[in-house]
Amino acid sequence: MRVIVVGAGVLGSMHAWQAVERGHEVVHLERESEARGASVRNFGLVWVSGRSGGEELDTALRARELWEEIGARVPELGFRANGSLTAIRTEAELAVAEQALTRADAAARGYRLLDAAETRAANPALRGKLLGALRCDRDAAVEPRTAQPALRAALLAGGRYTFLPGREVREVIGGNAVRDDHGDVHTGDLVILCTGAWLGGLVRELAPELPVRRVRLQMMQTDPLGEELTTSVADGDSFRYYPAFAGDALERLKAAQPQPPVAAEHKMQLLMVQRKDGGLTIGDTHEYDHPFGFDVVEDPYDHLVGVAEELLGRPLPRVRRRWAGVYAQCVDTTRVVHRERVRDAVWLVTGPGGRGMTCSPAIAETTAELANL
């Protein structure tokens, strides 16, 4: 079988991987020279801890297995099973963590509640004032800026994969071919469109009632920390953001512990991941209302720096990069992804939202099964 994959972000790359793994030939088109969107503007988190129970958690857990398997074969992905710590600084946050431990799926997530001493033993870089942390053993990380090129290099070595960058797909022809902006037609037995946050043009023509929206975020990266951050780190505001922590304890937290105005305005949480070069990726914000601003604003960065420094108990290294990114998210946020057959042999896969990096291997596996790859 010949498979045409459009879009070389992490979702498209994982669909290409699945097709090649199943013995098929893949032609992979990307409108840029490399993926430039949300797939490279994220934390590189394989984030199980906060996922909603049921399909979303099942998808994340399966994806975590696949990331580890692929990471063993492609070391350049930088996969590491480092787990995470959600830092607890107040009694209200502690109550949310304790309630999370009562979930029926707590063991599957690898939840453990650590006191302050155990937290510092698990991650000595956390020297700030803490009551403890919620540990999630199943969380992991990869290197987002190099993951797609690493996957592509591995695919190219297999001989059944062709990558065509700088090709914007303009038209779907019949039920199994696409025409790019060079005028070339690419015909296959199956076409999979993974166009990310690009929801206009061809995508709108194929799916005019697409139940997907765009979300904007701001993030940053520092110079090397100078020591190891042994786990990924979240702050207590992440309890407000991830559905796994919903419950009475969270409602009491919201009532007793309002977010600072800048955090509330920008719908913020702190996530912090160390890169292979020692720098820290830190974020993030969430903006849902269009039109998005064209610039980044400084107040959220000041807030993130302050929270990170409180957790680390030391000044952050110099911030060397700041950026904004946009991802596609299902309007119904309980849905893992929007997957639609828009022509006989043409599938559109989009809208995983902030779970895209985490869940993409399992999303691609499910597409392959549904499309009889």
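Laid out as a table, the results:
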| item | result |
| --- | --- |
| Given (1) open to solvent by less than 30 Å² (accessible area, probe 1.4 Å); (2) closer than 24 Å to residue 76 by Cβ; (3) not aliphatic (A, V, I, L, M), index of the condition residue 200 fails | (2) |
| Residue count for segment 297-340, restricted to those that are closer than 17 Å to residue 227 by Cα, among the charged types (D, E, K, R) and in contact with an Asp or Glu (Cβ under 9 Å, 6 or more places away or on another chain) | 2 |
| Residue within segment 112-132 that is in contact with a Ser or Thr (Cβ under 9 Å, 6 or more places away or on another chain), open to solvent by less than 20 Å² (accessible area, probe 1.4 Å) and under 25 Å from residue 62 (Cβ atoms) present | no |
| For residue 327: the one exception among (1) among the aromatic types (Phe, Trp, Tyr); (2) assigned to a strand (DSSP E or B); (3) open to solvent by less than 10 Å² (accessible area, probe 1.4 Å) | (3) |
| Complete set of residues in segment 338-373 that are outside any helix (DSSP H, G or I) and among the charged types (D, E, K, R) | 339, 340, 341, 343, 344 |
| Segment 203-225: number of residues that are open to solvent by 60 Å² or more (accessible area, probe 1.4 Å) and either in contact with a Gly (Cβ under 7 Å, 6 or more places away or on another chain) or of a type in the set (Phe, Trp, Tyr) (or both) | 1 |
| All positions within segment 204-236 that are among the charged types (D, E, K, R), in contact (Cβ under 8 Å) with a residue 40 or more places away in the chain and assigned to a loop (DSSP other than H, G, I, E, B) | 223, 227, 228, 235 |
| Residues that are more than 19 Å from residue 240 (Cβ to Cβ) and acidic (Asp, Glu), drawn from segment 83-121 | 105, 115, 118 |
| Criterion (charged (D, E, K, R) and either at pLDDT below 95 or buried (at least 22 other Cβ atoms within 10 Å of the Cβ) (or both)) met by exactly one of 179, 145, 89 | 145 |
| Any hit, segment 285-304, residues being assigned to a loop (DSSP other than H, G, I, E, B), under 20 Å from the mean Cα position of the chain (by Cα) and surrounded by 15 or more Cβ atoms within 10 Å (Cβ to Cβ) | yes |
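Conditions (1) open to solvent by less than 10 Å² (accessible area, probe 1.4 Å); (2) in contact with a His (Cβ under 6 Å, 6 or more places away or on another chain); (3) without any contact (Cβ under 8 Å) to a residue 60 or more places away in the chain, marked per residue:
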| residue | (1), (2), (3) |
| --- | --- |
| 186 | no, no, no |
| 193 | yes, no, no |
| 267 | no, yes, yes |
| 276 | no, no, no |
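The values are calculated or read from the model by the stated rules, or taken from the named source; none is laboratory data. These numbers come from a predicted model, not from an experiment. Every residue, glycine as well, gets a Cβ built from its backbone with ideal geometry; the counts of neighbours run over all protein chains shown. Side chains are part of the model used for accessible areas, which takes the heavy atoms of the whole protein and leaves out ligands, DNA and RNA. Shrake-Rupley method; radii C 1.70, N 1.55, O 1.52, S 1.80 Å.
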